[in-house]
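Take a look at the structure set out below.
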Amino acid sequence: MFRRAFSAAAVFGFGWGGAGQKEQFEVGREVKMPNISVLRPEKALKNDVLVSRKIVNELDKTKLNIRLYQYETCPFCCKVRAYLDYHGFSYEVVEVNPVTRSQIKFSTDYKKVPIVRVNDEFSLTESSLVVSQLATLLVRPERTLEEIRGMYPSVESTDEKGKAVQLHPNKYFVMMEKNCTAAEMAAAKEEREWREWVDEHFIHLISPNVYRTFPEALETFRWFQEVGDWHRTFPSWERCLAVYSGALVMWGIAGRLKKKYNIVDERKAMADACDKWMAAIGPTRKFMGGDRPNLADLSLYGAMQSFYGCTAFQEVCSSGPISEWYARMKSAVEKREGAYLLAARK
Ligand SMILES: N[C@@H](CCC(=O)N[C@@H](CS)C(=O)NCC(=O)O)C(=O)O
């Protein structure tokens with residue numbers, strides 16, 4: 001049991017916050033858009049797991065029944081939510097218990113989150129792949145999601161521990177049909193490179209920062225318990241186990257990750273990454289995507305959202321140019337500014 005809490009904890013990117021940050025979170029979840037409602041079922045339906053919340057957008061014409069199995073503050077899950085919310089998808093959220101992971105027992109071969117279950121028929125996994133598949137669906141409305149899955153073949157490989165893994169070489173590609181101009185191709189290349197940077201660099205900086213000391217790790221887990229609605233979904237002994245064992249274990253792991261990724265000063269590394277991102281956007285663009293966020297913007301925003309309540313976020317990301325970009329992103333996502341694509345579907 002402890003090992004499970006440990007492994008689940010290893011991947012959370014959560015943090016803590018005072019009253020101000022809590023309020024910020026609540027506002028983020030209570031969507032104030034006329035066509036969008038957020039439902040919170042009290043009980044699980046028969047033969048089903050408890051749905052934490054259901055986001056319904058009347059303008060979503062995909063007729064897809066999407067269910068996101070997640071940890072509320074896992075950076076990979078936050079990336080997928082940022083994508084779904086910005087584009088105005090309707091979807092259900094199921095909070096997975098990090099100790100038992102009983103909610104994803106249907107998934108025998110894949111044990112990580114996020115898992116996006118579609119029409120209870122098939123699952124999409126690997127956050128960046130999921131985003132590319134859904135992005136392709138939006139630009140290719142004549143294709144079904146099942147057909148689009150076939151456009152992303154996997155190849156078998158081994159990870160650093162020699163374990164067999166499935167890789168998707170084109171996971172950062174959106175499968176456009178039309179011929180692109182040179183400028184569009186350059187923009188797509190930039191988008192792909194920065195999405196990869198978020199996955200391969202930025203996300204690795206989160207754990208060393210939010211679990212830097214034991215008190216910080218404990219605050220992080222307490223905040224996660226709060227925002228993950230654990231009191232509603234998990235029994236108290238599981239919450240207690242996850243908070244204390246998770247904080248202890250993650251504090252140790254954060255030190256090892258620092259070494260693994262050659263991080264000397266975790267706060268500075270995070271600040272440098274934010275500066276690098278803002279330099280890439282440059283002085284004239286609102287977003288990397290120009291006037292609208294692209295998938296790289298959504299990806300970094302999602303990763304940052306996973307620890308916005310942390311001391312690390314307060315110290316590194318809550319002032320300067322990155323905070324202005326983050327505020328623009330937050331507004332664009334919460335207002336579902338990308339929903340015009342779904343609304344235009346026949
Ligand atoms: N490459 C995957 C990474 C997913 C991942 O590592 N998820 C973590 C949560 S942040 C997980 O589920 N770890 C296993 C566990 O908690 O038991 C993705 O992008 O979706």
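Read-outs: derived from the displayed coordinates by stated rules, not from any lab. Keep in mind that what you see is a predicted model, and the values were worked out from it rather than measured. Backbone-built Cβ (ideal geometry, glycine too); neighbour counts: all protein chains shown.
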Student exercise, region 120-189 dipole from Lys, Arg, Asp, Glu Cβ charges, in Debye to nearest 20: 260 debye
Estimated vicinal HN-Hα couplings, Hz - region 132-149 in sequence order (Karplus 6.51, -1.76, 1.60; Gly, Pro = x): 5, 5, 5, 5, 5, 4, 5, 8, 10, x, 7, 9, 7, 5, 5, 5, 5, 4
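In terms of the ratio Rg/(2.2 N^0.38 Å) built on C-alpha atoms, what value belongs to the chain?
Expressed relative to 2.2 N^0.38 Å, the Cα Rg reads 0.95.
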Computed over region 185-329: relative contact order in percent, which uses C-alpha pairs under 8 Å that are six or more apart: 32 percent
Region 257-274 - phi-based ³J(HN,Hα) in whole Hz, Karplus 6.51/-1.76/1.60, Gly and Pro as x: 5, 4, 5, 4, 9, 6, 9, 8, 10, 5, 5, 5, 4, 5, 4, 4, 5, 5
Ranked packing of 307-317, 60-70, most packed first, by mean Cβ within 10 Å: 307-317, 60-70
Karplus (6.51, -1.76, 1.60) ³J(HN,Hα), θ = phi - 60°, over region 224-236, in Hz, Gly and Pro reported as x: 4, 4, 6, 6, x, 6, 4, 4, 7, 10, 10, x, 5
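Please get the size of the charge dipole for region 198-346, origin at its Cα centre, with Cβ charges of +1 on Lys and Arg and -1 on Asp and Glu, quoted in debye to the nearest 20.
Roughly 340 debye for region 198-346.
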Ranking of Asp265, Asp229, Asp199 by count of other Cβ atoms within 10 Å, fewest first: Asp265, Asp229, Asp199
Top positive-direction residue, dipole computed over the chain with Cβ charges, set Trp251, Ile104, Ala273: Ile104
Value at 222 nm in deg cm²/dmol, rounded to 500, when DSSP H runs of n ≥ 4 in the chain each add -39,500 (n - 2.57): -15000 deg cm²/dmol
Residue order, fewest to most beta carbons within 10 Å, for Arg192, Arg140: Arg140, Arg192
Relative contact order (%) - region 67-110, alpha-carbon pairs under 8 angstrom, separation at least six: 46 percent
Simple label model, 7 Å out from Cα along Cβ direction - Leu45 to Lys161, nm: 3.7 nm
Percentage relative contact order, the chain, counting C-alpha pairs under 8 Å, at least six apart: 28 percent
Estimated FRET transfer efficiency (Ala344, Glu121; beta-carbon r; R0 22 Å; 0.05): 0.30
Cβ charges +1 (Lys, Arg) and -1 (Asp, Glu), total dipole of the chain, debye: 500 debye
Sorted by Cβ neighbour density within 10 Å, fewest at the top, the residues Leu341, Leu298: Leu341, Leu298
Rounded to 5, the percent of DSSP beta bridges in the chain classed as antiparallel: 85 percent
